[in-house]
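Visitor: Take a look at this one; I'll ask things after.
The values are calculated or read from the model by the stated rules, or taken from the named source; none is laboratory data. Please read all numbers here as calculations on a predicted model, not as lab measurements. No Cβ is skipped: glycine too gets one built from the backbone with ideal geometry, and neighbour counts run over all protein chains shown. Heads up: the accessible areas ignore ligands, DNA and RNA and are worked out on the full protein's heavy atoms, side chains in. Shrake-Rupley method; radii C 1.70, N 1.55, O 1.52, S 1.80 Å.
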Amino acid sequence: MLTIHHLRISQSERIVWLCEELGLDYELKLYDRDPETRLAPPELKAIHPMEIAPVIEDGDLKLGESGAIVEYIVGKYAPDTELVPGPDDPDFADHLYWFHFANATFMTNGMMQIAVGFVGAEMPAPLMKRVTNAWEQIERRLGEADYFGGRRLTTADIMMVFQLTTSRAFRDQPIDHLPNLKAYLKRIGARPAYQRAMAKAEPGFAPKLD
C-alpha cells in the first residue's frame, strides 16, 4: 500500500486527490507546520532530505516532487486512466503544457511573490508582468475548455488546482474578475473525489473555491 506524507497547507494535497480520483488504497500521514517558522516539522527530514512534502513510500521506495509522484502513481497503478491523455488524443499537447506549467511557471511565480512580500518589498515590474500574464493565460484557457487538459479532468488539473485554491487562501489574490476560473473551481469543488481528498488532507479547512 502507498503511504502519502502530507504537510498541511501544501501542494501534497495533489497526491491525496489523485489517489481518490483513481480509487487507490493508501495510508495518509499528516504533518502540521511549525507554529513559529511555518515550515515543515523535523520529522519530515527523516523521510526526505528536502524536509518538504509530498513524499510517498511504496515498499522500499521513497519519492518526492509532486509531478514525479503523479507520474509514478499513474504509471504503476493506473496506466490506462483517462486522467492522462495518450499521444493520439487531441488533448495530449494541452495536457502536457498545463501539467508542466503548474510548477515550472505558475508555482515559481507564486513563490517569488511570497518571497518578495516576506522581506517587505514589491515585485519588480518585469516579474509582476509574468504573474499577471500567467493568470490571464489561465482565464483564457478556461474559456476554451472545461479543464486545463481539455474536455475532461486530467492530471494537469490535479497539478494546477493547489495554486488556485489553498495557496491563494493565504494571499490577497481575488478572482472576481476571472469568471471562467470561478466556474471551473465550482466544477472542481463538486467532484466527490476532491471533496474526499480535502476532508482527509485538510480537516477543518474549507477549500478556497471562490
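Visitor: Report, in cubic angstrom per residue, the convex hull volume of the C-alpha atoms of the range 150-210.
Guide: Considering the Cα atoms of the range 150-210, their hull volume per residue is 86 Å³.
Visitor: Could you pull the Rg and Dmax for the chain, using just the Cα atoms, both in Å?
Guide: In order Rg, Dmax, the Cα atoms of the chain give 16.9, 50 Å.
Visitor: For LEU28, project a label point 7 Å along Cα to C-beta. Then give me every residue of the range 174-210 with its amide nitrogen under 14 Å of that point.
Guide: Those under the cut-off are 192-207.
Visitor: Starting from one equal scatterer on each C-alpha and no solvent at all, send me the Debye-based log10 I(q)/I(0) for the range 18-90 at q = 0.17 Å⁻¹, two decimals.
Guide: -0.74
Visitor: Computed over the Cα atoms of the range 127-169, what is the ratio Rg over Rh, Rh following Kirkwood?
Guide: Dividing the radius of gyration by the Kirkwood radius yields 1.00.
Visitor: Further question: So if R0 is 22 Å, what FRET efficiency would LEU63 and ARG38 give, r being the distance between their Cβ atoms, rounded to the nearest 0.05?
Guide: Once the sixth-power term is evaluated, E becomes 0.35.
Visitor: So, one more: Quick check: with the 1.4 Å probe, what order do LEU164, LEU39 take by accessible area, largest first?
Guide: Descending accessible area places them as LEU39, LEU164.
Visitor: Could you work out [θ]222 nm for the chain from helices alone, using -39500 (n - 2.57) per DSSP H run of at least four and dividing by all its residues? Round to the nearest 500 deg cm²/dmol.
Guide: Only helices count here, giving -14000 deg cm²/dmol.
Visitor: Out of the total accessible area of the chain (probe 1.4 Å, heavy atoms of protein only), what percent is carbon and sulfur?
Guide: Taking all protein chains in place, the chain shows 55 percent carbon and sulfur surface.
Visitor: Counting only Cα atoms, I'd like the Rg/Rh figure for the range 69-183, Kirkwood definition for Rh. Don't skip to the end; give the middle numbers.
Guide: On the way: Rg = 15.4 Å, Rh = 15.2 Å.
My calculation puts Rg/Rh at 1.01.
Visitor: What does the charge count around LEU39 come to, taking other residues whose C-beta lies under 10 Å from its C-beta (Lys +1, Arg +1, Asp -1, Glu -1)?
Guide: Summing Lys and Arg as +1 and Asp and Glu as -1 gives -1.
Visitor: So what is the relative contact order of the range 39-167, in percent, for Cα pairs below 8 Å that sit 6 or more residues apart?
Guide: It rounds to 25 percent for the range 39-167.
Visitor: How many angstrom lie between the Cα centre of the range 163-191 and the Cα centre of the range 83-157?
Guide: Going from one Cα centre to the other spans 13 Å.
Visitor: Same structure again: Using the Cα centre of the chain as the reference point, and only Cβ charges (+1 on K/R, -1 on D/E), how large is the resulting charge dipole? Debye, rounded to the nearest 20.
Guide: Using only the charged Cβ atoms, the result is roughly 580 debye.
Visitor: A follow-up question, please. Leaving out ligands and nucleic acids, and using a 1.4 Å probe, what accessible area per residue does the chain come to in Å²? Mind showing how you got there, number by number?
Guide: On the way: 10560 Å² over 210 residues.
Counting only protein heavy atoms, the per-residue value for the chain is 50 Å².
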